[in-house]
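Q: Here's a structure for you.
Every read-out reported here was derived from the displayed coordinates using simple, explicitly stated rules and does not represent laboratory data. Small disclaimer: the values here were computed from a predicted structure and weren't measured. Note: ideal-geometry Cβ built from the backbone for every residue, glycine included; neighbour counts use all protein chains shown.
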Amino acid sequence: MEGIPIGRKLDLLAHDSYQSLIKTLRRMFRTKVICTELAQVPSSKAHVLTYEDKEGDWMMVGDVPWKLFLTTVKKLKITRADKC
């Protein structure tokens, strides 16, 4: 999460969809995490899941199909929705 250094690893291959990933992150960080694929409206108390791809660009999670996401993701970041 933004501003909180966390040295946790997450096995993305253990998940079969964005929904599964979001569910795990919600439990890990005890906060509302949303992504574009789930078509949720951000609130001030929500967090948005973004990722860095192999080219160094930051993208919204859910913008590409799950299988493509798995091949391009390098790093995940949870950001406050009001900062996006």
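Q: In sequence order, what are the phi-derived ³J(HN,Hα) couplings for region 57-64 according to the Karplus relation 6.51 cos²θ - 1.76 cosθ + 1.60 with θ = phi - 60°, rounded to whole Hz, with x for glycine and proline?
A: These are the phi-based 3J(HN,Hα) values: 8, 9, 10, 7, 5, x, 6, 10 Hz.
Q: Could you give the length gained on full extension between ARG30 and ALA46, defined as 0.36 nm per residue of separation minus the Cα-Cα distance, in nm?
A: Full extension of this stretch gives 4.7 nm more.
Q: Starting from the amide H of HIS47, placed 1.01 Å from N in the peptide plane, find each other amide H under 5 Å away whose residue is 5 or more places distant or on another chain.
A: Under 5 Å from the amide H of HIS47 lie the amide H atoms of LYS32, VAL33, ILE34, ALA81, each far enough along the sequence or on another chain.
Q: What does the highest-first list of 57-65, 69-77 look like by mean Cβ count within 10 Å?
A: 57-65, 69-77
Q: Only counting other Cβ atoms within 10 Å, I'd like TYR51, TYR18 sorted with the fewest neighbours first.
A: TYR18, TYR51
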